[in-house]
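Please read the structure below before turning to the comments.
Bear in mind these aren't lab numbers, they're just calculated from the coordinates by the rules spelled out. Note that the coordinates shown come from a computational prediction; the quantities given were computed from them, not determined experimentally. Here the Cβ is made from the backbone with ideal geometry for all residues, glycine too, and neighbour counts use every protein chain on show.
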Amino acid sequence: MIASLLSLARRLALLSALVCLGVGVGHAAEPPDNVAQAIADAVQSCKDIDGKPNADAVLSTQDLNGDGGEDWIADYKKFKCDGVPNPLCTAGGCTLQIYFWDGETAWDLVFEDLVQSYKFGKNGGKPMMYVTTSGDPCNKPTNETCNYTYRLDKDAVVPVK
């Protein structure tokens, strides 16, 4: 019995330590006002065309630019608008928004575009984003693709040639 109580106490202490360190236990941070408003606008656009919106999977956080702050990713490919086509997607892709923490109390929209896919990585130790779009932006047929590389600076997403 005492061994069980000690084991339970250790697990509770570990859980408390993880919570204090901010290690995920299933509760995400609340989005900043401008990010929440963008999601509210998406939800309304779905309702406006008689869809049933679900934005639960749209938002995620990650330190994308390496400044130690939590950045927000709004991936509208994950937005559900049951009963009608997703209003944030076209044949060319879905809206992707990136918000960088300004180092104080706000998050700035630094990237917004229609993308087919994206991934984050590093090149020479610098944070990067690799994006695939439809062919339209690079003067190809829509069914072809364009690939773009961006450097993720402290306060900007910079195209790399």
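Quick look at the values:
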item	result
Chain lengthening between T149 and A36 when straightened (0.36 nm per residue, less Cα-Cα)	37.9 nm
Karplus-derived HN-Hα couplings along region 59-70 (A = 6.51, B = -1.76, C = 1.60, θ = phi - 60°), whole Hz, x at Gly and Pro	8, 8, 10, 6, 7, 6, 9, x, 8, x, x, 7
Reachable aspartates and glutamates, given that their alpha-carbon falls under 15 Å from the alpha-carbon of K126 and they are not under 8 places away in the same chain	D63, D67, D153, D155
Debye intensity ratio I(q)/I(0), log10, region 17-161, q values 0.09, 0.10, 0.16 Å⁻¹ (C-alpha model)	-0.31, -0.39, -0.95
Label-to-label distance, nm, for residues given as C89 and E70 (7 Å Cα→Cβ offset)	2.7
Point-charge dipole on Cβ atoms (K/R +1, D/E -1) for region 25-99, about Cα centre, debye to 20	380
Exceeding the 31 Å Cα-Cα cut-off - candidates K47/K122; K47/K140; K77/K154	K47/K122; K47/K140
Under-5 Å amide H pairs with L64, H placed in peptide plane, nonlocal only	D71
Residues with amide H under 5 Å from that of D153, placed H, sequence gap 5 or more	V158
Where chymotrypsin sites (Phe, Trp or Tyr not before Pro) fall in DSSP loop in region 45-89, at most 10 other Cβ within 10 Å	none
Inter-probe distance in nm under a simple model that places probes 7 Å from Cα toward Cβ, at D63 and T132	3.0
FRET efficiency for D48 and V160, using Cβ-Cβ distance with R0 set to 41 Å, rounded to 0.05	0.65
